[in-house]
1. Can you tell me which residue in the range 238-296 is farthest from Ile82 (Cα to Cα), limited to those that are among the charged types (D, E, K, R) and not in a loop (DSSP other than H, G, I, E, B)?
2. Quickly run through the range 1-37 and pick out the residues that are more than 11 Å from Gly73 (Cβ to Cβ) and not in a loop (DSSP other than H, G, I, E, B).
3. Only one of (1) assigned to a loop (DSSP other than H, G, I, E, B); (2) touching a residue at least 24 places away in the same chain (Cβ under 8 Å); (3) of a type outside the set (S, T, N, Q); (4) outside the structural domain of Thr143 (by TED's automatic domain parsing) is not met by His90, so which one is it?
4. Take the range 97-119 and flag every residue that is at pLDDT 95 or above, surrounded by 13 or more Cβ atoms within 10 Å (Cβ to Cβ) and part of a loop (DSSP other than H, G, I, E, B).
5. Going by the structure shown, is Val122 touching a Lys or Arg at 6+ places or on another chain (Cβ under 8 Å), without any contact (Cβ under 8 Å) to a residue 40 or more places away in the chain and part of a helix (DSSP H, G or I)?
6. Test Asp146 against the stated conditions and say whether it is under 18 Å from the mean Cα position of the chain (by Cα), more than 30 Å from Leu74 (Cα to Cα) and not hydrophobic (A, V, I, L, M, F, W, C).
Amino acid sequence: MGFGFAQVPEAPCYRLCNARAPLTLVATSGLAADAEGLSRVDLTVDDGRIASILPAGTFSIDADLPQIDLDGGLVLPRFVDIHTHLDKGHIWPRRPNPDGTFAGALGAVRADREAHWSAEDVRARMTFSLRCAFAHGTGAIRTHLDVPGPQGAISWPVFSAVREAWAGRIALQAVSLFPIDLTLDDEPAFREIVRLTAEHGGILGGVTFLGEPPGPRTVAAIERVVRAAQEHNLDLDLHVDESGSPDARTLDIVADAVLASGFSGRALCGHCCALSRLEEAALERMIARVTEARLAIVSLPMCNMY
């Protein structure tokens, strides 16, 4: 078969023979895995869906359906990208981050947003990102959307239109992203963020660590976000402790707030880089607390290993 993507037959029903698939993802019995955890399988595809998965060699060469020999090529489910920023994508040519730092990235994005992020600009960059993702096998994406100031009223309607346009190809979700201190410093702005999030079927987010050691304000802000999510039947997806600073300790505050409120939705915490700074005993306690609060965790090694 060579390398790259296989060219599947242009037929409603066909077979992919002599493929390899992760055994952990296959429910078919009678399969054995190699040293890499992969099993040799034959697949039947009917109207765009896998109709059967059988041990390799099950089908004869002269079978009536079109088929191709994948020669051990890997077959995977479509990818799910749980943490992206489609509104930030493809701005490098006009707003680079020459020093490569996190602070430089934040500054570049802020300047670009204020200068360029019209509805037309956001839609064009989102659509290009989705075309790329779809071509490489992605089936679901969750994106965070910067919503401070007037941006939420621009980006949320664009996202809703793009989500509808891509329905059936890529399933899309979006999260409102803003500094969590906004919940205390500008209550009307926070209420508007919550309103827009609910109106567009979104998820409530926020950045919980802003560089200062967490104190009573941090606790109050996180509790306010959790309470708003509960009141409006929204799930949570927070940027948590995206820092190597030993002061980045808000994950336990999120867990406490979720447990104390009896939050009934789903809560996810992204980044959580500061976990790498904990001693083993403290890390075990934190993991136990996160487990108790039923927090999902997503790490972002490709962007955080700078």
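The values are calculated or read from the model by the stated rules, or taken from the named source; none is laboratory data. Here the structure is a predicted model, which means the values were calculated and not measured. All Cβ positions, glycine included, derive from the backbone under ideal geometry; neighbour counts span all protein chains shown.
1. Here the residue is Glu280.
2. Selection gives Cys13, Tyr14, Arg15, Pro22, Leu23, Thr24, Leu25.
3. Result: His90 passes all but (4).
4. Listed by number, the list holds a single entry, Trp117.
5. For Val122, the condition - touching a Lys or Arg at 6+ places or on another chain (Cβ under 8 Å), without any contact (Cβ under 8 Å) to a residue 40 or more places away in the chain and part of a helix (DSSP H, G or I) - is not met.
6. yes
Results for (1) among the aromatic types (Phe, Trp, Tyr); (2) at pLDDT below 90; (3) touching a Leu at 6+ places or on another chain (Cβ under 9 Å); (4) under 25 Å from Arg169 (Cα atoms), shown as yes or no for each residue.
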{"residue": "Leu23", "(1), (2), (3), (4)": "no, no, yes, no"}
{"residue": "Ala33", "(1), (2), (3), (4)": "no, no, yes, no"}
{"residue": "Gly37", "(1), (2), (3), (4)": "no, no, yes, no"}
{"residue": "Leu43", "(1), (2), (3), (4)": "no, no, yes, yes"}
{"residue": "Asp46", "(1), (2), (3), (4)": "no, no, no, yes"}
{"residue": "Ala63", "(1), (2), (3), (4)": "no, yes, no, no"}
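For every residue, the table says whether it meets (1) among the acidic types (Asp, Glu); (2) more than 30 Å from Asp121 (Cα to Cα); (3) within 26 Å of the chain's Cα centre (by Cα).
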| site | (1), (2), (3) |
| --- | --- |
| Ala11 | no, yes, no |
| Gly48 | no, yes, yes |
| Phe59 | no, yes, no |
| Ile68 | no, yes, no |
| Val80 | no, no, yes |
| Trp92 | no, no, yes |
